[in-house]
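These notes concern the structure reproduced below.
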Amino acid sequence: MATFNKVLLMGRLTDNPEPPRTLPNSGTTVVKFRLAVGRSKKNPQTGQWENDPNPLYIDCEAFDYADAKRKVGNVVSQYAKKGDAIFVEGRLHLDQWDDKSTGQKRSKHKVVVESVELLGGNRSEGAAPTQQPAAPEPQDWQGEPTGGDIPF
């Protein structure tokens with residue numbers, strides 16, 4: 001049986017991305033950041049968009065491999081900041097470790113980012129570069145609010 005592991009998310013950065021960190025013995029650089037994602041819906045009585053009262057906070061990691069031409073982590077670390085809308089494409093990964101204080105096994109899912117598109121937001125400088133594949137512009141998505149309507 002074939003399997004498929006693909007994640008597409010559009011949300012806002014909850015904080016500035018962590019500074020890039022080079023992994024030992026590989027030359028690979030990793031940038032960690034967190035996205036807030038939610039689902040807005042239209043109130044049938046008022047016709048107004050209402051924001052999700054329970055957004056999800058998703059941990060993400062973007063890697064720059066020493067021999068790769070795509071530098072996804074570099075784009076995130078240089079051009080994205082807290083509050084910016086971002087579209088990520090990647091895969092789910094399960095991290096497992098032993099808690100040092102309790103000795104219990106711990107785990108969490110995160111998204112390993114394979115491509116990113118900055119959707120605009122609070123940047124004061126010019127347009128940021130895009131890593132392929134490009135996502136559709138938010139205004140083309142039928143029935144969903146654009147970046148200004150998302151509170152997080």
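Go through (1) loosely packed, with under 15 Cβ neighbours inside 10 Å; (2) out of contact with any helix residue (DSSP H, G or I) (no Cβ under 9 Å at 6 or more places or on another chain) one by one and return the number of the condition residue 110 breaks.
Only one criterion is unmet by residue 110, namely (1).
If you scan the range 53-70, which residues turn out to be open to solvent by 40 Å² or more (accessible area, probe 1.4 Å) and part of a loop (DSSP other than H, G, I, E, B)?
Those that are open to solvent by 40 Å² or more (accessible area, probe 1.4 Å) and part of a loop (DSSP other than H, G, I, E, B): 53, 54, 65, 66, 67, 69, 70.
Looking at the range 43-68, which of its residues are modelled with pLDDT under 85 and within 16 Å of residue 113 (Cβ to Cβ)?
Residues satisfying the conditions are 65, 68.
For the range 82-102, check the following and say yes or no: at least one residue is outside any loop (DSSP other than H, G, I, E, B), among the hydroxyl-bearing types (Ser, Thr, Tyr) and either modelled with pLDDT of 90 or more or open to solvent by 60 Å² or more (accessible area, probe 1.4 Å) (or both).
There is no residue in the range 82-102 that is outside any loop (DSSP other than H, G, I, E, B), among the hydroxyl-bearing types (Ser, Thr, Tyr) and either modelled with pLDDT of 90 or more or open to solvent by 60 Å² or more (accessible area, probe 1.4 Å) (or both).
Which number in (1) touching an Asp or Glu at 6+ places or on another chain (Cβ under 7 Å); (2) without any contact (Cβ under 8 Å) to a residue 24 or more places away in the chain; (3) under 18 Å from residue 5 (Cβ atoms) marks the one condition that residue 106 misses?
(3)
Which of the residues that make up the range 21-42 are within 21 Å of the chain's Cα centre (by Cα) and of a type in the set (Lys, Arg)?
Within the range 21-42, 21, 32, 34, 39 meet the criteria.
Among the residues of the range 124-146, is there at least one that is under 23 Å from residue 51 (Cα atoms), assigned to a loop (DSSP other than H, G, I, E, B) and at pLDDT 55 or above?
no
Can you pull out every residue in the range 28-51 that is open to solvent by 40 Å² or more (accessible area, probe 1.4 Å) and assigned to a loop (DSSP other than H, G, I, E, B)?
38, 39, 44, 45, 46, 48, 51, listed by residue number.
The values are calculated or read from the model by the stated rules, or taken from the named source; none is laboratory data. Keep in mind that this is a model prediction, so the values were computed, not measured. A quick note on method: Cβ atoms are made from the backbone with ideal geometry, for glycine too, and the neighbour counts reach across all protein chains shown. Note: areas computed on protein heavy atoms with side chains; ligands, DNA, RNA excluded. Shrake-Rupley method; radii C 1.70, N 1.55, O 1.52, S 1.80 Å.
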